[in-house]
Amino acid sequence: MRILLVEDDIPLAEGLKQSLHRENYAVDWVETGSYALNAVRGGDVELMILDLGLPDMDGLDVLKKAKEYKADLPVLVLTARDGIDSKVMGLDLGAEDYLAKPFDIAELLARMRVIERRLGTGKSSLIFVGDIRLDLKANLIFDNNEEINLSRKEYMIAKALIENAGRIQSKTQLETKLYEWGEEISSNAIEVHVHNIRKKFPKDFVQTVRGVGYIVRPTLKT
């Protein structure tokens, strides 16, 4: 999942970005509301983590505009504001959840997993495709009960394919989930990662749809 982090507190933002990286999220970070809205218009954001106290505009205005640009964009609001009014306004404007500062990163991650499940990426933290099991909470993938050893980017690609079992994922879609702004992407990076993934999964688990992308086809669990 590609995250847009909108936070002007630099130490907090850097810490959050590192924590989210460890959980295999791709994170783009901006410090202002105007940059956030430009990013939302770009169309690659899958979840926005939004601080309400921004230097150039009120976070609730950012939330309202972002929802106008992309109505189905999930937003998790962060704020140090006291009182219930801003929380109610944020939820009324379409925010999926609300977290008051200071907060524990474990709680933030748990709330993000709930949002992912609510969006339909999984009814629970476990997703099965045949004998392959994706554990979203642990960030691990198993073949039967044996853990598959994957690099961070291999895991992110495999996760995207398993979550979308039965639906083709194009090279561009996978790149969007894998790489952040300014990160150099070699022309055959996805092909190389998929080649390595295939060595670690059962034969024909990841299939190529020539000229279109890659797919994992759902099967009955054996």
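The values are calculated or read from the model by the stated rules, or taken from the named source; none is laboratory data. Because the structure is predicted, anything quoted here is derived from the model rather than measured. When we count neighbours, we look across all protein chains shown, and the Cβ atoms used for this are built from the backbone with ideal geometry, even at glycine.
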In segment 132-147, which residues are surrounded by 17 or more Cβ atoms within 10 Å (Cβ to Cβ) and either more than 24 Å from residue 29 (Cβ to Cβ) or at pLDDT 95 or above (or both)? 132, 133, 134, 141
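With respect to residue 159, is the statement that it is more than 23 Å from residue 3 (Cα to Cα) and modelled with pLDDT of 90 or more true? Let's see the steps before the verdict.
On the way: more than 23 Å from residue 3 (Cα to Cα): no; modelled with pLDDT of 90 or more: yes.
Considered against the rule, which asks whether it is more than 23 Å from residue 3 (Cα to Cα) and modelled with pLDDT of 90 or more, residue 159 comes out as no.
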Which condition breaks for residue 39 when tested against (1) surrounded by fewer than 17 Cβ atoms within 10 Å (Cβ to Cβ); (2) assigned to a helix (DSSP H, G or I)? (1)
I need every pair where a residue in segment 16-33 that is in the same structural domain as residue 106 (by TED's automatic domain parsing) has its Cβ under 6 Å from the Cβ of a residue that is of a type in the set (Phe, Trp, Tyr) and in a loop (DSSP other than H, G, I, E, B), sequence separation at least 6 or different chains. 28/181
For segment 151-203, the count of residues that are in a helix (DSSP H, G or I), farther than 23 Å from residue 42 by Cα and touching a residue at least 60 places away in the same chain (Cβ under 8 Å) equals 3
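Looking only at segment 176-199, which residues are at pLDDT 90 or above and within 22 Å of residue 1 (Cα to Cα)?
Step one: filter segment 176-199 for residues at pLDDT 90 or above, giving 190-199.
Correct list: 190, 191, 192, 193, 194, 195, 196, 197, 198.
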For segment 42-64 the number of residues that are assigned to a helix (DSSP H, G or I), within 22 Å of residue 1 (Cβ to Cβ) and without any contact (Cβ under 8 Å) to a residue 40 or more places away in the chain is 2
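Would you mention how many residues in segment 1-22 are part of a loop (DSSP other than H, G, I, E, B) and touching a helix residue (DSSP H, G or I) at 6+ places or on another chain (Cβ under 6 Å)? Break it down into steps so the answer makes sense when it comes.
Going through segment 1-22, the residues part of a loop (DSSP other than H, G, I, E, B) turn out to be 1, 7-9.
After this cut, where a residue has to be touching a helix residue (DSSP H, G or I) at 6+ places or on another chain (Cβ under 6 Å) as well, the list is 7.
Residues that pass the stated criteria total 1.
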Which condition number in (1) under 14 Å from the mean Cα position of the chain (by Cα); (2) closer than 23 Å to residue 118 by Cα; (3) part of a strand (DSSP E or B) is the one that residue 78 fails? (1)
